[in-house]
1. With +1 on each Lys and Arg Cβ and -1 on each Asp and Glu Cβ, and nothing else charged, work out how big the dipole of the chain is about its Cα centre, in Debye to the nearest 20.
2. Note the full-extension length gain between Arg85 and Asp197 as 0.36 nm times their separation in residues minus their Cα-Cα distance, in nm to one decimal.
3. Please list the non-local residues whose amide H lies under 5 Å from the amide H of Met142, H modeled 1.01 Å from N, same-chain partners needing a gap of 5 or more.
4. Taking only DSSP H segments of four or more residues, each worth -39500 (n - 2.57), what value at 222 nm results for the chain once the sum is divided by all its residues, to the nearest 500 deg cm²/dmol?
5. Using the beta-carbon distance between Thr38 and Phe107 and R0 = 25 Å, what value does 1/(1 + (r/R0)^6) give for FRET efficiency, to the nearest 0.05?
6. I need the calculated FRET efficiency for the pair Lys182 and Thr219, taking r as the beta carbon distance and R₀ as 25 Å, to the nearest 0.05.
7. Which percent, nearest 5, of DSSP beta bridges in the chain are antiparallel?
8. How large is the charge dipole for region 6-124, taken about the Cα centre, if only the Cβ atoms of Lys, Arg (+1) and Asp, Glu (-1) carry charge, to the nearest 20 debye?
Amino acid sequence: MNRQKTILVVEDDEALRLGLEENLIVAGYRVLTAGTGTEGLKLAVERKPDLVILDVMLPGATGYDVCRSLREKKLYMPIVMLTARKEEFDKLVGFDMGADDYVTKPFSLKELLARVKAIMARSERRPDGEERYRFGDAVLEMASRTFTCKGKEVTLTRTEFDLLAYFAANEGKSLSREAILKDVWGLEYYGTQRSLDTFVAMLRAKIEKNPKEPAHILTVHGVGYKFIK
């Protein structure tokens, strides 16, 4: 019997918070809620939910602060950020802090639930094939979900790790953006190709000696990407 998953909703808009809570319960999840960043961080640390839905603009501590604090505490549950801002800068900041996905307000409830379902499914999947990938001075350990470069551990978000593992498992293949979104994020993922490109840029910054001239994650113009060891 599968364990019921717990989702923490951190949102200061009471009507939206209650609406999300009700719909997530109907969808089969156990739900915790918080109205401030400080309260949300405390709940996340104490209860360790399976996923956090986190508003960016919060009283007490911003969503960025909460996200960064959780990652610094080595808590890697998936985080979906809610933002009313549409600038790409905000998305980059969220990903840099360790967020796995974002939804821009106003959003479709169907879209949010689909993203939650896809992320939950992805976090449960165990990688097939090799347990360890080596390339250059780097080692990707599948069982422990760790990445080291020149003997030093490099922190990857859950999504960055899954994306790198997918690239490594498909070494040498030209992969379309559509295929990557489908295989890594899931069939019901509502994200865009720009989201993927942002994650690739963040990943390159962590694993490439020169992110502007990548040696491992190559762009295949008109198609997508190719990973080379």
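Please treat every number below as a calculation from the coordinates, not as lab data. Here the structure is a predicted model, which is why all the values come from computation and not from measurement. Quick reminder, even Gly has a Cβ in these numbers, built from the backbone with ideal geometry, and neighbours come from all protein chains shown.
1. Result for the chain is approximately 620 debye, rounded to the nearest 20.
2. Between Arg85 and Asp197, full extension yields an extra 38.4 nm.
3. Arg132, Tyr133
4. Numbers: 8 runs with 91 residues, N = 229.
The helix contribution divided over the chain gives -12000 deg cm²/dmol.
5. 0.50
6. For R0 = 25 Å, the calculated efficiency reads 0.85.
7. Antiparallel bridges: around 50 percent, rounded to the nearest 5.
8. Value, rounded to 20: 360 debye.
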